[in-house]
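The values are calculated or read from the model by the stated rules, or taken from the named source; none is laboratory data. Note that the structure is a prediction, hence the values are computed from the model and not measured. Here Cβ is always computed from backbone atoms with ideal geometry, including for glycine, and neighbour counts include all displayed protein chains. Ligands, DNA and RNA are excluded from the accessible area calculation, which covers all protein heavy atoms including side chains. Shrake-Rupley method; radii C 1.70, N 1.55, O 1.52, S 1.80 Å.
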Amino acid sequence: MKISYIWFDIGYTLLYMQREITYQQVLKEYGAEVSLEKLEKYFHLTDKLFMREYQGVFLKERGAYMPWFLGVLNHRLGLSLNVCEVDERWEKIKEKTLNYWLPYDGVYQTLEELKKHSIGMGIISNWDDSAQAILKNAKLHKYFEHQVISSEIGCTKPSAEIFKAAIDKAGVNARECLYVGDNYYDDAIGCRKVGMNALIINRFGSLGIEEIKDCPVILHIGEVLGYCKKTKKRKIVRGRKNS
């Protein structure tokens, strides 16, 4: 399999929210001391539950899912709090947080390496009209030749339409594309509808995605180039055996 073009998701693929540290501040105000490590684990598990069981809910208005999400999260943390009150306070803290979305360690280095290997790069993401500003603020926009954002084109993952729009815009062969994301149900299932290859990032190994058996999983973005090299090498080896 030759990979000549890589498409990336944005949230929890390239960038992450400072949600654990800000939510920790809120919990302290309510007398609850929870470590960042525990918050990271249970935010992750709650994310994966919603991705698996309530697909598409994160595309709705915040008020339609966040109290629900925080209720599940707090239950897992052993906390009983007024989630609407907590969420209101959390929002105020987030508004005062500079650069709420930050790039993961290794993102810039990985994108530079892919660029050196002449691999094209683009964005396909379910996001509102803040996507471009967030990418620019993180100094990531310059790496991507094409940015296909759901709010700008009127369709969302996992529909085939958004992926088809991306490959048509870039003029690339879907079979030579790799889509890298964190949500199997939006990202892998969606991109495969047009013939793209999928790669899922899950920073906790198999935790939270134990049901996924048909898609390669990596721990961090720094493994993307190595994955591309391995898949190319495997194809060459198979060709020699068949010759």
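Got a number for carbon plus sulfur as a percent of the chain's accessible area, 1.4 Å probe?
50
Mind pulling the angle between the C-alpha long axis of helix 160-170 and the longest principal axis of the chain? Nearest 10 degrees, somewhere in 0 to 90.
Helix 160-170 sits at roughly 60 degrees to that axis.
Between GLU40 and ASN137, what length in nm is gained on full extension when 0.36 nm per residue of separation is reduced by their alpha carbon distance?
32.5 nm
Taking the simple approach of a point 7 Å from Cα along Cα-to-Cβ for both LYS229 and LYS164, what is their distance in nm?
The answer from the label model is 3.7 nm.
Considering only protein heavy atoms, what per residue accessible area in square angstrom results for segment 30-184 with a 1.4 angstrom probe?
With the other protein chains kept in place, segment 30-184 gives 53 Å² per residue.
Treat each spin label as a single point 7 Å out from the Cα along the C-beta direction, and report the ALA32 to LYS116 distance in nm.
If labels sit at ALA32 and LYS116, their model points lie 4.5 nm apart.
Any idea how far apart HIS220 and GLN109 come out in nm if each label point goes 7 Å out from Cα toward Cβ?
0.8
What percent antiparallel are the DSSP beta bridges of the chain, to the nearest 5?
Counting only bridges with both partners in the chain, antiparallel ones make up about 15 percent.
Ranked from highest to lowest mean number of other Cβ atoms within 10 Å per residue, what is the order of the peptides 83-92, 207-216?
Top to bottom by mean Cβ count within 10 Å: 83-92, 207-216.
How long is the gain from LYS2 to LEU49 if the chain were fully straight, where each residue apart is worth 0.36 nm and the alpha carbon distance is subtracted?
Net length gain for the segment: 13.6 nm.
Roughly how many Å² of LYS60 are accessible to a 1.4 Å probe, to the nearest 10?
120
Quote to one decimal, in nm, the extra length available between ILE153 and LEU98 on full extension: 0.36 nm per residue of separation minus the C-alpha distance between them.
Taking ILE153 through LEU98 to full extension adds about 16.9 nm, to one decimal.
Once the Cβ-Cβ distance between GLU88 and ASP129 is put in as r, and R0 is 30 Å, what FRET efficiency do you end up with, to the nearest 0.05?
The formula returns an efficiency of 0.80 here.
Out of the chymotrypsin sites (Phe, Trp or Tyr not before Pro) in segment 173-204, which ones are loop residues according to DSSP with at most 15 other C-beta atoms within 10 Å?
Those that pass, being in a loop and sparsely packed, are PHE204.
If one takes the longest principal axis of the Cα atoms in the chain, at what angle in degrees, from 0 to 90 and to the nearest 10, does the Cα axis of helix 107-116 lie?
Long axis of 107-116 versus the principal axis of the chain: about 10 degrees.
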